[in-house]
1. Give, in nm to one decimal, the length gained when the segment between residue 249 and residue 281 is fully stretched (0.36 nm per residue of separation minus the Cα-Cα distance).
2. Given a Förster radius of 22 Å and the C-beta distance between residue 212 and residue 125 as r, what FRET efficiency does 1/(1 + (r/R0)^6) yield to the nearest 0.05?
3. When the chain is fully extended, how far beyond the present Cα-Cα distance does residue 60 get from residue 39, taking 0.36 nm per residue of separation?
4. Rounded to the nearest 0.05, what FRET efficiency is calculated for residue 50 and residue 227 with R0 set to 41 Å and r the Cβ-Cβ distance?
5. How far is it, in nm, from the label point at residue 181 to the one at residue 28 when both lie 7 Å from their Cα along the line to the Cβ?
6. Compute the length gained on full extension between residue 116 and residue 188: take 0.36 nm times their separation in residues and subtract their Cα-Cα distance, giving the result in nm to one decimal.
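Since every read-out is calculated from the coordinates, none of them should be taken as a lab result. All values derive from a computational prediction rather than experimental measurement. We place every Cβ from the backbone using ideal geometry, glycine too, and count neighbours over all the protein chains shown.
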Ligand SMILES: [Mg+2]
């Protein structure tokens, strides 16, 4: 921790890791970091917000690279700490969904491969947007999906992964939906019951929800759901299946670098899957900063082969769990 790195020593990357956000990958990630002491220095966090503080401290000290080991929540905290600095973000994906890693083409299922990406040193620049001042790199939501995050337990998220959001959405559909209005600076307006904003194209896992999105075009892709109820869930599923939620009559699709959401009541808001509060007005705007991320030039093609590999490895899992317990 905080030791002087002599000029003669090779540089070691500080790795910020939340040992309490223990997805199945948690123990494996910790052992991976500890098994590369020549390249990685583990900085475990002890409380919410510490990942952000650590990242900000490393950035202030002029650390060239800070690695976030975790899921989208840890990542969002580290990004918060790096905003406005020159420090580059490295990612060791260790969460349930790893949406941002997938978006950037960082291997989400192989820590060894993800470390190779960091060491290759290729930097991609990504737009950074904020919702009521909270920065995010991947996506944000106003209304039902944030409500789901408010209500979804860690346990069911872990068990069900991305599906947890849609299943939990069904649970909250009984509520009277809010009346939202999206207003763009150029005068475009859309009314609806829920709003999703994508910096990247992926949402809630490997789902390409914002099919025209690019995270380096200075614009957010905005989906406004006009109808509540089961229609919303069915449309989302149908849209994901056919690759165009925006083509449905029950949604409006906008691209804009700034917009306001006005609501008839306080509605929950999430950024990068993290609940940030309830608001009647939400201002989305591009920050003057861009995030620099170590990512492949060409996205890593995982998917099917990784899925097969993880199936083939399943008998080893009980052993891993025992090892985890002794940590
Ligand atoms: Mg964009």
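1. Once the chain is fully extended between residue 249 and residue 281, it gains 9.0 nm.
2. 0.70
3. Residue separation times 0.36 nm, minus the Cα-Cα distance, leaves 5.5 nm.
4. On the way: r = 41 Å, r/R0 = 1.01.
The pair residue 50/residue 227 has a calculated efficiency of 0.50.
5. Distance between label points: 5.0 nm.
6. Computed gain between residue 116 and residue 188 is 21.5 nm.
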